[in-house]
Structure formats: structure tokens, C-alpha cells
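The values are calculated or read from the model by the stated rules, or taken from the named source; none is laboratory data. Every value quoted in this text rests on a predicted model; they were computed, and no experiment measured them. Quick reminder, even Gly has a Cβ in these numbers, built from the backbone with ideal geometry, and neighbours come from all protein chains shown. Side chains are part of the model used for accessible areas, which takes the heavy atoms of the whole protein and leaves out ligands, DNA and RNA. Shrake-Rupley method; radii C 1.70, N 1.55, O 1.52, S 1.80 Å.
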Amino acid sequence: MVQYIIRRVAQAIPVLFLIAVVSFMLMMAAPGGPQAQFNQNPRISQDAIDRYMARWCLERNPDLLASLRSFGGWLGVWNCDEGGFFSDQGMPNFLPEFLGGGDNGLLHLDLGLSMSTNRPVLDLIVERMPATFILMGTAFLIWVTFAILLGVTAAVKRYSLFDQSVTLLSYIFYSLPTFWLGLILIFIFAVVLGWLPAQGIVPTRGPTFNSSAYWTAFHQAPLTHILDMGRHLILPVATLVAVNIAADSRFVRSSMLDTLGQDYVRTARAKGLPRQRVVFRHAFRNALLPIITAVTLEIAFLFSGAIVTETIFSWPGMGRLYIDGINNRDYFLVMGIVLIGSVFVVTMNIVADVVYAIADPRIRY
Amino acid sequence: MTDPRDPHTHDEVVDDLVARRDEAVTDLMRSPPEGADGAFVDHYAPGAPDADAEYEVALESLSQWQLARRRFRRHRLAMVGLVIFSLMLGVAIVGPIVQPYEFTNIPGASRQGGDPPSLEHVFGTTREGRDVFELVINGARISMAVGLFSMLIAGFMGVLVGSLAGYFGGWVDNGLMRVVDVLFAIPFLFIILVAARFFGQGQVSSLILIFGLLSWPLIARLVRASFLSLREADFVDAARAVGVSDLRIAFRHILPNALGPVIVAMTLLMASTIILEAFVSFLNFGIQETQVSWGNALANAQSALILGNWWWAFFPGMAIALTVIAINFIGDGLRDALDPRSRA
């Protein structure tokens, strides 16, 4: 098993490297080049720009070698200050700092500096993560639970009125554009009825979410804050659940139908076991195998899947950070988010394979 | 019995028969037959249609594709979808020509946030006084074009890459599949947004290219998987034995048999691309403001929603939803018709 995991991780390394190449090339090829972001901010002095460019080995009209250097600088293989593969301490730059390596680049957990906010990219991402995980985590738990309930019931009562309504509804919700559904929900529940807030994660007048002022206020009155956040969560979570439950319940249903048609289910029924028991012990437990894999893969996209919903509901998470990064041409920020999102996907792919191998004793690895 | 031009007619029919029998049996075991779909026809009752006779005819005269067409026509939802889709396509093609309102003549709204639906403006107007009905009709053209053409590009690329990888295997397969892995690992929306913002420049044609060139990996994987299994099939060995060239085996012998799932996937891809274009344009990352697509029409609708102005956001969104539902219905019908063994 350990061997299998090691092999999968080793296979992922070239993919991760290629992802870094692709996201770097996208940014370098973008019109305006790496210094385009400075055009947005007239207050930055020429001197500061030059220092920034030098820090990341960026050049105005880079040739192939210069691009390779700045890629190496971003990756952490190349030492930008000295201009070489070796760090100030004379060791290879890619080594960790305590072994005498450099301090720049991905390999040293330095994703660069966000120019529009003048803060390290990693700090920005870490600061926005909680909001995204609260939103996506809540929605994910709800939609997976209900998708399994609906899918299993629909499969057991195949062709019943219940099954057909679930099928029709899931078709409709699956086809609705997420952002449009969000707009309609805002209109009905926030504008017309005025029951729920339309935007954000905290009241607009209070301190911003995840700031130190927010947490002090939170510790003074935790319950009020949690309840308030719950109110803010309802609409975006409902949007996410409606769209995702549609696809997932279909998947659970078809996987359940597969196992219900198996010979061992027929045998169990023929032996005289009660129907309930056959459905849950024999059919459902086996149907869970593909469901577990699919759900694990979905977790990978919890990180990026929020872009649409976060935009509509002004949710201060990763998705909004990404859109702002693109709008400000904040290349390091965009590259950093793309890279972390991809690492998340690759990791969850491996986890899905491993979980599947554990859950299904028939798998040989 | 079998048609010599198509070695799979017979297998197909037998498989279909087996699948149908299995389904009937499992249905019988589980629940009493009810509803039109689950209705059980007793072929041995006096006067009942004879199932074997029906397939006897099929074996004589129907090709794989004719059988598929027949199954598709029997699929009720797919036919509904086809009608709606043709309607929308018709609107997209002739709508802008016969539209009742002048495209450039913007009359100005009489109240803040646009006028509600009235006899004059059936879908209401936008903040600037633009007729929403006109927006929906004009938007159909670009939205449908983006969906259709990027689907074709993705289909072409996917079939090409998938068949090369699947047929040749080895290092060709390895190299191509690493590219696919990378494209699969980067969250799709991330890369689409960057590409649309930085390279799209508001052009319809470049958006089509971007969507098409980024969404083929899914199809490539499908094609590769079918190629890998079909490559070992007896009829391919037979073709190779009589000296048929690689190219011809790949595209004349294997590809037609691998096409079913691909067509289904392409249909669903078109539906999701229409939604994607709408979202990208909604963020002002896509189509320029001087042109109209359904997503573009929604772009500023959110600010008007707060004023209680629902029609601006509602009707373009309904157009997207209806079209996408229709396409998904068609896709479902195609799945049942072309790929009867995988019932999702």
C-alpha cells in the first residue's frame, strides 16, 4: 500500500511541474507582460518597479533565457539576487533554507508578492481560505447527504412517481446556470421578501470577516455571530446545493441501479432476506464504492468551484480573490491561486485512488 | 444474417436484446410494472406483438445507425428537447433579421432600472431602455454559435488526440495523456477565465477557440478508452491481416464504433459551454459590450435586481436554461440510442 502511494505521488510530480510551466507561460504571454500590473497603479515609483522586477528576475522584453530565469526564480531553483543556481551560502538554491538554500520561489513556499495589495500572495490566499471552506464545506455536506438519500430512494422505487419527479427536477436544476439561479434567489428572498441578506458573509457595517477586529467581536458573542453567518450562508448554500445535488443524485441512482441488478442481490432476495436489509447491506454498501470516489474528486473542486457563487454573493473567498487578481493583472496572485488549486486537485485524485483501493479489497495495486 | 459492410450490426442487435431482456427481468423482480416506461408487454399472450419477429426484421434490414435513430425517436424527452432546440436555433438564425425593434435605436427607459414588461416591450426594458426581448433574440445568435462551434473544435481535437493516443499507444499515448492530465488538473474555470480575459479580447471567434481548445481532453479520454479496447477486437485483426493501412483501420474501422459515447459527450459539452460563455460574459470577461449574448445581456442586471427589476435578469436566463435543458434532453436520448449499455 505504502509503495502504491509513493508511486502515485511520484507520478504526480511531472504533472505538477507541467502545471507550473503552463500557468507561468499563460502569465508571461498575457498582453503587457509581467509589468502590466504596474500600469494600473500610478503611485508606484519607477525605482520600486525596478527593484520588484529584479527581485523576481523579471525583464521588460524577455528573451527565452530571461524567461527561463524568471521561471526558475518563481520556482525557487534560480537565485535572482545573485543570478545563479546557488544561494548566498553557496549551496544549491532549491534546497530548504536551513540546509543553505535560497529563500525565493515556490519551493520555499514563497508565491511572490501581490502588487495590487503589496502583500505576499500566500498570506492573501490563507486569509481568504476560511470563507471559501465555510461556504463550500456546508454546501458539500448538505448536497452529498441529500444526493445519497434521493438517489437511493429513486433507485429502489424505480419508475415510481417519486423517481420520475426526482429525475425531472434534477434535469432542470442541472441545466440552470448557477449564477442565474443565485440572482433569482437574491431577488426573491432578499429583495422582495427581505428575509435574508443578499451579499457578503458578515453585515456590511461590522468589521470585515477574518480580521482581528472580527474575531474579538466573535469571542464576545459567538452565538450571535454564528447565527448571523448562518443567515448569510443560506442563499449561496442553497444555490450550490440545488445545482450539485442534481448531478450527484443521478450518479447515486445509476450506481445503485447497477448493484440492485447484480446476481448477489437476487440471490439474497431469493434466500428470503428482508428487502430493506438487502437494499442496505448488499446493494447500498457496494454502490458506495464509486460514490466515494466521485465524492472525493468533488472535494478537489471545492476550492475552485466557488468562483461563480462567490461572485454573485460577494463572498470574500478564494474565487473573488482570483477574479480581483485577474482584473488587477496581479500575475503572481493569479499564478499562485492556479497552482494551489491544481495541487489540491492532484492531491485529491491520489486520495481518491487510495481510498478506493482501501474500500474495495478486490483492487490489486 | 449480418451485413458484410458492418460487422457490428449483429452484435449490436444481440446486445440490445440481451440488455432489454435483463432489464425486463430485473424490473419484474423488483417492483410491479407501472407507468409507460416500465410497462411489461407479454409477448406470449395471444395477439401480442412478437418481440422476436421485430428483431428478425431488424437483422435483415437495419444498420447500427438506423437502429439508433429508431431508439432516439422513441425517446419522448429527447423529441421535446429537439423541438425546443430547433426553435432556439431558428431564432438564432432568423431572429436578428426579423426583429421588431431597431438594434441601435435605444429609446431610453422612462423609470430608473428599466420599464416592466408591457405590450410594447413584452420582456420589459433595461436601465438604458433597451428592449429585453430584442436582447434575448440577438443574444441567441452568439450564445448558440459559441456553444456549437467550440463543441465542434473540441470534438475534432478530442477525436484526433484520443485516436492517436489510443491506436498507437506507447510514447505517443504517454505524451498526449500527460497533456490531458495537466489540463484536467488545473481547475477548468480558472484557466478559462484567465484565457478569456487576457487572450479573448471580446472577440466571438477567439472565445470559441479558447473554449474549444481547452475542453477537448474529456473527449480525448473517451475516444482513447474505446480505441484501447477496440484495438484488440477481432475485426481489427482481420483488417490488419488483409493489409489495411493504419490510418484506414483507425478512422474507418475503429472510429465509427467508438463514436457513440463521443457524440453524447459532445452534446453535453455544448450545453455546458453555453452556460460557461454566459458566466464569462456576465463577468465582462467575454463578449464585448457592443455585441449581445445571453450572458452579456445579464451583465448589469444584478444592479437592477436590487431595485426590484426582475425581467432584465429573468428572460435572458430563461433562454439559457431552456436551451440547455433541451440540449441535455437530446443528449440523454442520444445516450439511450447510441450507447444503450451505459444508462446513467
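Remarks
- Along the axis of the charge dipole computed for the range B:65-337 (Cβ charges of +1 for Lys and Arg, -1 for Asp and Glu, origin at the Cα centre), the listed residues B:83, B:295, B:254 are led at the positive end by B:254.
- Along its first, second and third principal axes, ordered by size, the range A:121-328 spans 65, 37, 36 Å in Cα coordinates.
- Annotation for residue B:233 and residue B:160: the two label points, set 7 Å from Cα along the Cα-Cβ direction, are 2.4 nm apart.
- Size of electric dipole in the range B:65-337: Cβ of Lys, Arg +1 and of Asp, Glu -1, about Cα centre, debye, nearest 20: 760 debye
- Computed from backbone phi, the HN-Hα couplings of the range A:109-120 come to 6, 10, 8, x, 10, 7, 6, 6, 10, 6, 9, x Hz, rounded to whole numbers (Karplus: 6.51 cos²θ - 1.76 cosθ + 1.60, θ = phi - 60°; Gly and Pro given as x).
- Ellipticity estimate at 222 nm from DSSP helix runs (n ≥ 4, -39,500 (n - 2.57)) divided over chain A, nearest 500: -21000 deg cm²/dmol
- Three-way shape label, the range A:221-278, alpha-carbon gyration tensor, a/c 1.5: oblate
- Global geometry of the range B:65-337, whether rounded, prolate or oblate, following the gyration tensor of its Cα atoms and the 1.5 cut on a/c: prolate
- 5 angstrom amide H check on residue A:119, placed H, neighbours 5+ away: A:114
- Shape call, chain A: gyration tensor on alpha carbons, a/c limit 1.5: oblate
- Relative contact order of chain A: 21 percent, from C-alpha pairs under 8 Å at least 6 residues apart in sequence.
- Peptide B:190-200 shows a mean partner chain C-beta count of 6 within 10 Å per residue C-beta.
- Accessible heavy-atom area order of B:219, A:234, highest first, probe of 1.4 Å: A:234, B:219
- Chain A, accessible surface, carbon-and-sulfur percent (1.4 angstrom probe): 65 percent
- Sites residue A:142 and residue B:206, calculated FRET efficiency, Cβ-Cβ separation with R0 41 Å, nearest 0.05: 0.60
- The GNM of chain A, with springs linking C-alpha atoms under 10 angstrom apart, assigns the highest mean-square fluctuation among A:218, A:344, A:24 to A:218.
- Per the accessible-area calculation with a 1.4 Å probe, the total area buried between chain A and chain B rounds to 4700 Å².
- Kyte-Doolittle mean at least -1.0, axial Cα span of 18 Å or more - DSSP H helices of chain A: A:2-29, A:121-156, A:161-175, A:222-260, A:285-300, A:331-359
- Between residue B:73 and residue A:157, the modelled labels are 3.6 nm apart [label points 7 Å from Cα along Cα→Cβ].
- For the range B:222-252 versus the range A:217-262, the inter-centroid distance based on Cα atoms is 46 Å.
- Across A:173, A:71, the residue with the most accessible area heads the list, and the full order at a 1.4 Å probe is A:173, A:71.
- Dipole of the range A:121-328 computed with +1 at Lys/Arg Cβ and -1 at Asp/Glu Cβ about the Cα centre; of A:257, A:308, A:179, farthest Cα towards the positive end is A:257.
- Taking all protein chains together and a 1.4 Å probe, the residues A:251, B:156, B:235, B:168 rank B:156, B:168, A:251, B:235 from largest to smallest accessible area.
- GNM on chain A, alpha-carbon springs under 10 angstrom: the most fluctuating residue among A:131, A:300, A:217 is A:217.
- Under the simplified labelling scheme, the residue A:188-residue B:291 pair shows an inter-label distance of 3.4 nm, with each label point 7 Å from Cα along Cα→Cβ.
- Among A:290, A:120, A:207, residue whose mean-square fluctuation peaks in a GNM of chain A (springs only between Cα atoms under 10 Å): A:207
- Full extension of the chain segment joining residue A:277 with residue A:11 gains 91.6 nm, where the gain is 0.36 nm per residue of separation less the Cα-Cα distance.
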